[in-house]
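The values are calculated or read from the model by the stated rules, or taken from the named source; none is laboratory data. Remember, predicted model here, so these are calculated numbers, not experimental data. Here the Cβ is made from the backbone with ideal geometry for all residues, glycine too, and neighbour counts use every protein chain on show. Just the protein is used for accessible areas: all its heavy atoms, side chains included, with ligands, DNA and RNA removed. Shrake-Rupley method; radii C 1.70, N 1.55, O 1.52, S 1.80 Å.
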Amino acid sequence: MEKVLTRNIGPEQTPTDLKAYEANGGYQGLRKALRELSPKDCQTVISDSNLRGRGGAGFPTGMKWSFVPMGDSCTPGHKYLVCNADEMEPGAFKDRLLMECDPHQLIEGMILAAYTIGADVSYVFIRGEYVVAIERLRGALAECYASGLLGENILGSGFSLEMHVHPSAGRYICGEETALINALEGKRANPRAKPPFPQVSGLWGRPTIVNNVETLCNIPHIIDRGADWYKTLGRGEDSGTKMFGVSGRVKNPGCWELPMGTPIREILEVYAGGMQDGLQLRGFLPGGGSTDFLVPEHLDLAMDYNVIGKAGSRMGTGTLIILDDQTCPVGMVLNLIRFFAHESCGFCTPCREGLPWTRQVLQDIEDGRGQLEDLETLAYQVKYIGAMGNTHCALAPGAMEPLQSALKYFRDDFDRHISGGCCPYESHKVHQHQHQQIGTGA
Amino acid sequence: MNDAQMIQTDLGTVLTREEIRQIDTELAHVPYKAGAAIDALKIVQTQRGWVSDESLRAIAKHLEMSAEELDGVATFYNLIYRRPVGEKVILFCDSVSCWICGCDGIKAKISAKLGVDYGETTTDNQYTLLPVPCLGACDRAPVMMVGDDLITHLDEAKIDQLFSDVTVEDSASEGEQ
Ligand SMILES: Cc1cc2nc3c(=O)[nH]c(=O)nc-3n(C[C@H](O)[C@H](O)[C@H](O)COP(=O)(O)O)c2cc1C
Ligand code: SF4
Ligand code: FES
């Protein structure tokens, strides 16, 4: 298969500097756009390519960009392009690799996106723990400013753009795009009501596009080589390639660029090397911690947005988390719910009050104090917290996804905890309940 | 010694000239002063390790916002420390992939070795242990950060080796001196 996003990323994972990036065709897409394509042309190419957002929701990128007011329909002032590099979804680890090893690819994608929507200021909003990526992106930005690829009048085209690397002060909800915008404005990162959508009124009330790192990394290649080429890369109905990852107790956990539509079995068995010796596959979350479980019967499905959707889950980030037969499914869901309860921004009641309640019910079951009625309580919580529209943002419904599917596929395990009065899995039992959320935040 | 460098506000609290210079640089990018709240907190934390009530009030005054409003921002974020931390913060990943790969046992090992639980600082003031959401290195689980360094594929031997210089005194809950 042709490597696109990872063509500069070798097994050593050494970073690519400007010289090496340009030597391998880098900034060709940008040169081409500034030379011969109008912003409208660029938007059309991206729409035609069927690129869908890689941040989790899979929204068509070209369409998102088309909502930004252009020319006379836009009031005078700034427009913003923001790269979402928050990557705090449990089990997601793809954007880190792209930024650490090929920062210029992301920067070129951002310049092209900014050119298309007419933005003059751009930010990489990146989680503070990504110290290596922050340093390399800053180094790459300096190279760009020094060689006329950023700043005033880029490559003599008349187009100007500033770019800043903005490390987050840390909170999962900052990854939600309107919460991210509040964080950039120096506020508490509560999500905003939509509409107005950020495309029209975002950062400081101005038109703003927020795109995921991987989404933006695709842009230079599509502009350079065209929508038709991009569409041939996928094996199924979706276009392009995707960063797929596998974590959990497999032989060779990792992250690989593969065609869209690659069957799950191939990712798991060929790339991740299958389960570790002595372990069997019980199930998996196909796209990070807020996606529904799938089970071995789904192994032959293609990793395409609609295919995974029809099977009852979501492609999400495309990073699979594997549940083996010696790990407790109840414990795994408890770990996830504990995370979401801790990271709730506290703005709306079903999430702020509901998730800690769910966590407590699961903790009771895991510790062997569960009652049969608890399963009804969990089903009730899934129904009310999980319904889109009952909460202010998608965090809480996302939190319910692994729980609702665990109740469906691993119901026996819940029953065994309750009837046996203890967790039937021995591993992982140590110190689980002494775990509390204590931070130094007051 | 450093008096010339200190700005005394009428609250009796101080920001250094350097801190004020850095905060004012951020102010150039925002339409109103409170917009630089998080940047200002980070600037002060970088200098002092954490944000005390005194620093918080001084920053709030400089940004023309109430201390309560600024505290609402400060306490929202995981990486703004409103209590003193040790020389290095250990950010220990307790999210799902690390949990599947046995991070609870590693956490227990660290707690025993350093004599601290989450939120506590070692008696020699070297390390503060905090939980952190998924560090985006799930393929190398279990993982943690010690200061700026990401440490992967954790096992008990690695913990012994990393913290071989730490001697734990009897009680972890020494309280304030
Ligand atoms: C709670 C929550 C957390 C999110 N975290 C991230 C994240 O870390 N990175 C990301 O790209 N998108 C994240 N998203 C999705 C963003 O809101 C947004 O849809 C995405 O950045 C859009 O980029 P895309 O169109 O390129 O996919 C999150 C959404 C929610 C509800
Ligand atoms: S669902 Fe949760 S994270 Fe989202 S706005 Fe409500 S409280 Fe905040
Ligand atoms: S779960 Fe620990 S790094 Fe992702």
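May I ask you to verify whether A:Val210 is away from ligand 3 (no atom under 16 Å from the Cβ), outside any strand (DSSP E or B), aliphatic (A, V, I, L, M) and away from chain B (no Cβ under 14 Å)?
no
Filtering the stretch B:75-93 to residues that are open to solvent by 30 Å² or more (accessible area, probe 1.4 Å) and either charged (D, E, K, R) or outside any loop (DSSP other than H, G, I, E, B) (or both) leaves B:Arg83, B:Glu87, B:Lys88. Scanning the stretch A:283-314 for residues that are closer than 22 Å to B:Cys134 by Cα and part of a strand (DSSP E or B) gives A:Gly283, A:Phe284, A:Leu285, A:Pro286, A:Gly288, A:Leu294.
The listed residues are A:Pro60, A:Pro39, and the only one of them that is assigned by TED's automatic domain parsing to the domain that holds A:Ser147 and touching a residue at least 40 places away in the same chain (Cβ under 8 Å) turns out to be A:Pro39.
Scanning the stretch A:85-96 for residues that are open to solvent by 10 Å² or more (accessible area, probe 1.4 Å) and away from ligand 2 (no atom under 16 Å from the Cβ) yields A:Glu87, A:Arg96. Starting from residues that are more than 15 Å from A:Gly56 (Cβ to Cβ) and not hydrophobic (A, V, I, L, M, F, W, C), keep the ones in the stretch A:305-316 and report whichever is most open to solvent (accessible area, probe 1.4 Å). So the residue we want is A:Lys310. Total residues in the stretch B:35-74 satisfying the condition of being open to solvent by 20 Å² or more (accessible area, probe 1.4 Å), in contact with an Asp or Glu (Cβ under 7 Å, 6 or more places away or on another chain) and within 11 Å of chain A (Cβ to nearest Cβ): the figure is 1.
The set of residues from the stretch A:339-365 being in contact (Cβ under 8 Å) with a residue 24 or more places away in the chain and either in contact with a strand residue (DSSP E or B) (Cβ under 8 Å, 6 or more places away or on another chain) or more than 30 Å from B:Tyr77 (Cβ to Cβ) (or both) comprises just one member, A:Ile365.
Here the condition is being out of contact with any strand residue (DSSP E or B) (no Cβ under 9 Å at 6 or more places or on another chain), of a type outside the set (Asp, Glu) and outside the structural domain of A:Leu258 (by TED's automatic domain parsing); of A:Asn50, A:Asn84, A:Asn8, it holds for A:Asn8 alone. Return yes when A:Thr44 is without any contact (Cβ under 8 Å) to a residue 40 or more places away in the chain, open to solvent by less than 60 Å² (accessible area, probe 1.4 Å) and either within 22 Å of A:Gly170 (Cβ to Cβ) or of a type in the set (S, T, N, Q) (or both) and no when it is not. Yes. Please determine whether any residue of the stretch A:66-86 is closer than 21 Å to B:Cys138 by Cβ and within 6 Å of ligand 1 (Cβ to nearest atom). Checking the stretch A:66-86: at least one residue is closer than 21 Å to B:Cys138 by Cβ and within 6 Å of ligand 1 (Cβ to nearest atom). Regarding the stretch B:113-130, can at least one residue be identified that is more than 13 Å from the chain's Cα centre (by Cα), closer than 22 Å to B:Leu79 by Cα, at the interface with chain A (Cβ under 8 Å from one of its Cβ atoms) and within 16 Å of ligand 1 (Cβ to nearest atom)? So far as the stretch B:113-130 goes, no, none of its residues is more than 13 Å from the chain's Cα centre (by Cα), closer than 22 Å to B:Leu79 by Cα, at the interface with chain A (Cβ under 8 Å from one of its Cβ atoms) and within 16 Å of ligand 1 (Cβ to nearest atom). Taken across the stretch A:133-146, residues that are closer than 27 Å to A:Glu185 by Cα, part of a loop (DSSP other than H, G, I, E, B) and away from chain B (no Cβ under 14 Å) do not occur at all.
As a summary of the residue check, A:Trp229 satisfies the conditions (1) part of a strand (DSSP E or B); (2) under 27 Å from A:Arg31 (Cα atoms); (3) away from ligand 1 (no atom under 16 Å from the Cβ) except for the one numbered (1).
Condition first: near ligand 1 (Cβ under 8 Å from one of its atoms), out of contact with any Lys or Arg (no Cβ under 6 Å at 6 or more places or on another chain) and open to solvent by less than 30 Å² (accessible area, probe 1.4 Å). Now tell me which residues in the stretch A:176-220 satisfy that. Hits for the stretch A:176-220 are A:Ala179, A:Leu180, A:Pro191, A:Val210, A:Asn211, A:Val213, A:Leu216.
Looking at the stretch A:234-256 only, could you name the residues that are within 14 Å of another protein chain (Cβ to nearest Cβ) and open to solvent by 10 Å² or more (accessible area, probe 1.4 Å)? If the condition is that a residue be within 14 Å of another protein chain (Cβ to nearest Cβ) and open to solvent by 10 Å² or more (accessible area, probe 1.4 Å), then A:Arg249, A:Lys251, A:Asn252, A:Pro253, A:Cys255, A:Trp256 are the ones that fit. Based on what the data block shows, is A:Gly77 open to solvent by 20 Å² or more (accessible area, probe 1.4 Å), more than 14 Å from every other protein chain (Cβ to nearest Cβ) and assigned to a loop (DSSP other than H, G, I, E, B)? Against the criterion (open to solvent by 20 Å² or more (accessible area, probe 1.4 Å), more than 14 Å from every other protein chain (Cβ to nearest Cβ) and assigned to a loop (DSSP other than H, G, I, E, B)), A:Gly77 does not qualify.
The set of residues from the stretch A:97-129 being facing chain B (nearest Cβ under 8 Å) and crowded, with 24+ Cβ neighbours inside 10 Å comprises A:Arg127, A:Glu129. Please verify whether the stretch B:30-45 includes one or more residues that are under 21 Å from B:Gly119 (Cα atoms), under 20 Å from the mean Cα position of the chain (by Cα), modelled with pLDDT of 95 or more and of a type in the set (Gly, Ala, Ser). For the stretch B:30-45, residues under 21 Å from B:Gly119 (Cα atoms), under 20 Å from the mean Cα position of the chain (by Cα), modelled with pLDDT of 95 or more and of a type in the set (Gly, Ala, Ser): absent.
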